[in-house]
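**Student:** Before I ask anything, let me first share the structure, which is written out below as structure tokens.
What follows draws every value from the coordinates through simple rules; no lab data is involved. Just so you know, these numbers come straight off a predicted model, no measurement behind them. Virtual Cβ from ideal backbone geometry, glycine too; neighbours counted across all protein chains shown.
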Amino acid sequence: MKTYQVNKNGYYGEFGGAYIPEILHQCVEDLKKAYLEVLESDSFHKEYIRLLRDYVGRPSPLYLTGRLSKKYGCKIYLKREDLNHTGAHKINNTIGQILLARRMGKTRIIAETGAGQHGVATATVCALMGMKCIVYMGKTDVERQQPNVKKMQMLGATVIPVTSGNMTLKDATNEAIRDWCCHPSDTFYIIGSTVGPHPYPDMVARLQSVISEEIKKQLMEKEGRDYPDYLVACVGGGSNAAGTIYHYMDDERVKIVLAEAGGKGIYSGMSAATIQLGKKGILHGAYTLVMQDEDGQIEEPYSISAGLDYPGIGPMHANLSTTQRATILAINDDEALAAAFELTKMEGIIPALESAHALGALNKLHFKSEDIIVLTLSGRGDKDMETYLNND
Ligand SMILES: *Cc1c(COP(=O)(O)O)cnc(C)c1O
């Protein structure tokens, strides 16, 4: 059967793999040997499920919107990842990876972060488990994301400002990989999205797949069928989207819509529409679509949303796009802002700016009245209040 899942060599179609320096070879091999065995074990599963339930607050509700559904003339459900502890889907992944790190005998946790959401989710689980935590963050991001920097520090993490390159997420990731190269034996690198060398994209997708597992059950209860007509999610690196579609990828009855950040317009030179602008290349250990110039130098992405401005994309999504399994839409800053205000005024929910990109896709799709749409609200808007107030 045709599948969009990863193959045993770590590829999604032609994308993926593990392009890593020699010194990390053993680390990545060890992880590859451990992750499936641990994730599929009963004892891991019990502990993971217990923490997701009692600590994160899962299952997250599947909420049938009233006024929004009416406006678009169909049934729009929101998968409420914004209600999770720490305010987004990222914690589903960090809980899983820290349990794995502990089982592998690692004592030191490192992470990269852009907007600081993954940094906070990592610092949170490190506090929970009493583990040492170092977060790499571009200096530019440290300055513009102070509340998250302060949260990480309060949680006991060391935040290291990175001054190379443009001093943003890509540079923080480079620095985290450098650290990992220096401490391969005691350190576990918790990557925040479905990016990086195999097995990270598959591991993160599996840990986020609790989202689609719950959607199946919840739709069955509410609609008497366990699949929607459309799944809609935003993509930065691809983790909330991967979790949303995981159990539906090979089910062609379900249309998949991915919203990436168009910035000021995809041909404006200020965009993060990686899937549409990217060319094939290697970034942070994976062969995927990358925003790059003719010399293969990474082009700095731009988006109003700090969580979506990554110059690469997960290999799973690169494959979903080139095989046309998924529809990819670029949603510009102004469209995302309008969608955020619309949800706030119509449903009383202030979404994260990232999630607002998924909401911005609704305008561009044509629904039938009997269509069932599930849109993942990846996070809440508290962290974006300043941007919202400046653009009201
Ligand atoms: C980090 C983040 C994203 C983007 O990351 P993905 O890996 O693509 O999901 C989207 N929404 C929120 C709220 C985030 O914090």
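**Student:** Modelled label-to-label distance, Ser268 and Asn9, 7 Å Cα→beta-carbon offset: nm?
**Tutor:** In this crude label model, Ser268 to Asn9 measures out at 4.1 nm.
**Student:** Kindly identify segment 279-392 as rounded, prolate or oblate by the Cα gyration tensor criterion: order the square roots of the eigenvalues as a ≥ b ≥ c, call it rounded if a/c is under 1.5, otherwise compare a/b with b/c, prolate if a/b is larger, else oblate.
**Tutor:** oblate
**Student:** Kirkwood hydrodynamic radius, segment 332-381, all distinct C-alpha pairs: what's the number in Å? If you can, show how the numbers build up before the last one.
**Tutor:** Details: mean 1/r = 0.0900 Å⁻¹.
Evaluated over segment 332-381, this radius sits at 11.1 Å.
**Student:** Right, here's the next one. Using the Karplus equation 6.51 cos²θ - 1.76 cosθ + 1.60 (θ = phi - 60°), what ³J(HN,Hα) coupling, rounded to whole Hz, does each residue of segment 20-35 give in order, writing x for Gly and Pro?
**Tutor:** 10, x, 2, 5, 9, 3, 5, 4, 5, 4, 4, 5, 4, 5, 7, 5
**Student:** Just to confirm the number: angle between the C-alpha axis of helix 169-182 and the first principal axis of the chain, 0 to 90 degrees, nearest 10?
**Tutor:** The answer is roughly 30 degrees.
**Student:** If packing is taken as the mean number of other Cβ atoms within 10 Å per residue, what is the order of 260-273, 116-129, highest first?
**Tutor:** 116-129, 260-273
**Student:** Largest first, please: the extent of the C-alpha atoms of the chain along each principal axis, to the nearest Å.
**Tutor:** If we take the Cα atoms of the chain, the spans are 56, 47, 42 Å.
**Student:** OK, next. Pull the list of the chain cysteines that no other Cys approaches to under 4.7 Å, Cβ to Cβ.
**Tutor:** Cysteines of the chain left without a disulfide-compatible partner: Cys27, Cys74, Cys181, Cys182, Cys234.
**Student:** Using Cβ contacts closer than 10 Å as the measure, can you line up Ser69, Ser43, Ser212, Ser239 from fewest to most?
**Tutor:** Taking fewest neighbouring Cβ atoms as first place, the list is Ser43, Ser69, Ser212, Ser239.
**Student:** In whole Hz and in residue order, list the ³J(HN,Hα) couplings for segment 229-246 that follow from phi through the Karplus curve 6.51 cos²θ - 1.76 cosθ + 1.60, θ = phi - 60°; x for Gly and Pro.
**Tutor:** 7, 9, 10, 10, 8, 8, 10, x, x, x, 6, 6, 5, 4, x, 5, 9, 3
**Student:** For a protection proxy built on the mean count of beta-carbon atoms within 10 angstrom, sort 199-208, 32-41 highest first, please.
**Tutor:** Packing proxy ranking, top to bottom: 199-208, 32-41.
**Student:** Could you pull out the pairs from Lys33/Lys279; Lys79/Lys368; Lys32/Lys217; Lys150/Lys383; Lys79/Lys364; Lys79/Lys132 whose alpha carbons sit more than 24 Å apart here?
**Tutor:** Lys33/Lys279; Lys32/Lys217; Lys79/Lys132
**Student:** Subtract the Cα-Cα distance of Glu223 and Leu64 from 0.36 nm times their separation in residues, and report this length gain in nm to one decimal. Mind showing how you got there, number by number?
**Tutor:** Numbers: separation 159, 0.36 × 159 = 57.24 nm, distance 1.07 nm.
That pair, Glu223 and Leu64, stretches by 56.2 nm at full extension.
**Student:** Placing one identical point scatterer on every Cα of segment 29-141 and ignoring solvent, what is log10 I(q)/I(0) from the Debye formula at q = 0.12, 0.13, 0.14 Å⁻¹?
**Tutor:** Debye curve over Cα of segment 29-141, log10 I(q)/I(0) at q = 0.12, 0.13, 0.14 Å⁻¹: -0.54, -0.61, -0.68.
**Student:** Relative to a virtual label point 7 Å from the Cα of Leu365 in the Cα→beta-carbon direction, which members of segment 1-39 show backbone nitrogen distances below 20 Å?
**Tutor:** Only 4 pass the distance filter.
**Student:** Based on alpha-carbon centroids, what's the gap between segment 261-330 and segment 102-140 in Å, whole number please?
**Tutor:** 25 Å
**Student:** If you don't mind, another one. What distance in nm lies between label points placed 7 Å from Cα along the C-beta direction at Lys132 and Ile49?
**Tutor:** Once both label points are built, they end up 3.5 nm from each other.
**Student:** Among DSSP beta bridges whose residues both lie in segment 113-269, state the antiparallel percentage, nearest 5.
**Tutor:** For segment 113-269, the DSSP antiparallel bridge percentage is about 0.
**Student:** In terms of the Cα gyration tensor, with a ≥ b ≥ c the square roots of its eigenvalues, is segment 227-352 rounded because a/c is under 1.5, prolate because a/b exceeds b/c, or oblate? Before the final figure, lay out the partial values.
**Tutor:** Numbers: a/c = 2.18, a/b = 1.16, b/c = 1.88.
Note, shape of segment 227-352 comes out oblate.
**Student:** While we're on this one: Based on Cβ point charges of +1 for Lys and Arg and -1 for Asp and Glu, what charge dipole magnitude is obtained for segment 214-266 about its Cα centre, in debye rounded to the nearest 20?
**Tutor:** 160 debye
**Student:** Mind checking which of Ile349, Ile373, Ile328 has the largest fluctuation in a GNM of the chain, springs on alpha carbons under 10 Å?
**Tutor:** Sorting by GNM fluctuation, first place goes to Ile349.
**Student:** For Gln297 and Arg144, what does the FRET efficiency come to when R0 = 22 Å and r is the distance between their Cβ atoms, rounded to the nearest 0.05?
**Tutor:** Values: r = 24 Å, r/R0 = 1.09.
After rounding to 0.05, the efficiency reads 0.40.
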